[in-house]
Amino acid sequence: QVQLVESGGGLVQAGGSLRLSCVASGLTFSRTTMAWFRQPRGKEREFVGGANYFGTSTYYADSVKGRITISRYNAGNTVYLHMNSLKPEDTAVYFCAAVSSVGVPQSPESYDYWGQGTQVTVSS
């Protein structure tokens, strides 16, 4: 049974930083593309960024490029989302997602597994 468990969300002031973690189990992590999505209240889920199998390729949404970094620690089945210079518009539930894919799809429908989400709230 595949499980993705996110942690690290919380309340932070604008300009601050957070690191989200996602620990995966029940899958071959080193052969799995991992991504982060977010869903602001009342809006659709959107791609934030992702990393391929070995973390050799990462992709980021334009809205967060330059402010976030995704890294993965394959030995620990963990992917991280490092967020800096946070803005109130970054407020959302952040989800970790996984798929056995060579590339990094940007549509939520392409992912097979999801975590439960972790709330990030950025105050102005």
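Rolling a 1.4 Å probe over the protein heavy atoms gives the chain an accessible area of 51 Å² per residue.
Of all GluC sites (Glu not before Pro) in region 30-97, which ones are in loop regions per DSSP and have a Cβ with at most 15 other Cβ atoms within 10 Å? Hits after loop and neighbour filter: E44. What a 1.4 Å probe finds exposed on region 77-124 is 48% carbon and sulfur by accessible area, rounded to a whole percent. Highest GNM mean-square fluctuation among L20, L11, L86, for the chain modelled with Cα contacts below 10 Å: L11. Across the chain, Cα pairs under 8 Å and at least six residues apart give a relative contact order of 36 percent. Potential lengthening of the chain between Q3 and T28 amounts to 7.8 nm, from the contour at 0.36 nm per residue minus the alpha-carbon distance. For the chain, a simple Cβ point-charge model (Lys and Arg +1, Asp and Glu -1, everything else neutral) yields a dipole of about 220 debye relative to the Cα centre. Within the chain, which is the longest segment that contains none of the trypsin sites (Lys or Arg not before Pro) sitting in a DSSP loop with at most 14 other Cβ atoms within 10 Å? Of all site-free stretches, the longest is 66-124.
The values are calculated or read from the model by the stated rules, or taken from the named source; none is laboratory data. The structure presented is a predicted model; accordingly, all values stated were derived computationally and were not measured. All Cβ positions, glycine included, derive from the backbone under ideal geometry; neighbour counts span all protein chains shown. Areas reflect the complete protein model, heavy atoms only, side chains present, ligands, DNA and RNA absent. Shrake-Rupley method; radii C 1.70, N 1.55, O 1.52, S 1.80 Å.
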